[in-house]
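Chemist: So that we are looking at the same thing, I have put the structure below in structure tokens.
Coordinate-derived values only; no laboratory data. These numbers were taken from a predicted model, which means no experiment stands behind them. All Cβ positions, even for glycine, are placed from backbone atoms using ideal geometry, and neighbour counts span all protein chains on display.
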Amino acid sequence: MPLNLTETKLKLKIITAPAVFLLVIALIILIFLSFKSKNPEQVGQNQQALSTPDQKPKPGFVIPPEEARSELPDKVQNIKRQMIEGEIANDNGTIVLFISDDYKIVYVPTPDFFLATILKEPVDKNKKEAESWFLKFGLIQSDLCNLPVRFGLGSLDFKKANPDFSPLPDGCAT
């Protein structure tokens, strides 16, 4: 006797429901195991693996900072606050501080750094001008390292044309 459409749907539900249930259980187990594998022993092993200077970390492995960022002197803190208060726009949580045809300066509250993006050639000249923007507030060159200030290139072509471009202000150690 042939099955009608309602009986076929019912049998299909009876067959697929346990399969879906097993699939969900398998996914939960996989997620649990992936969290479990990130235990403190493994983290310690990763740190030990980096204890020799000639050994390179695996791609995608993030090396945590060796020490926390040092506290800024009061003068620098006040200048930083003054710069941030000069906000000209807010771009989804990023505070825009300055825009020209040559570069753009923003403050990123989390993780707390200034980013100057070079928008035009010559890259080196515009990087110097962006550094000067910070120095006009009364900072000295070493303060740019400690704020911190970082530089980026606004175009892939700039990156190709300037392979030795450093994201650090002049005089900052890597």
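Chemist: Answer yes or no: is there a residue in segment 124-144 that is of a type in the set (K, R) and without any contact (Cβ under 8 Å) to a residue 24 or more places away in the chain. Can you show your working first?
Modeler: Here is the first cut: in segment 124-144, the ones of a type in the set (K, R) are 125, 127-128, 136.
Right, trim to without any contact (Cβ under 8 Å) to a residue 24 or more places away in the chain and you get 125, 136.
The answer is yes, given that some residue of segment 124-144 is of a type in the set (K, R) and without any contact (Cβ under 8 Å) to a residue 24 or more places away in the chain.
Chemist: Oh, and also: Which residues, counting only those in segment 120-145, are in contact with a Leu (Cβ under 9 Å, 6 or more places away or on another chain) and surrounded by 17 or more Cβ atoms within 10 Å (Cβ to Cβ)? Steps first, please.
Modeler: The first filter runs over segment 120-145 and keeps only residues in contact with a Leu (Cβ under 9 Å, 6 or more places away or on another chain), leaving 123, 126, 131, 133-135, 139, 141, 143-145.
V123, N126, E131, W133, F134, L139, D143, L144, listed by residue number.
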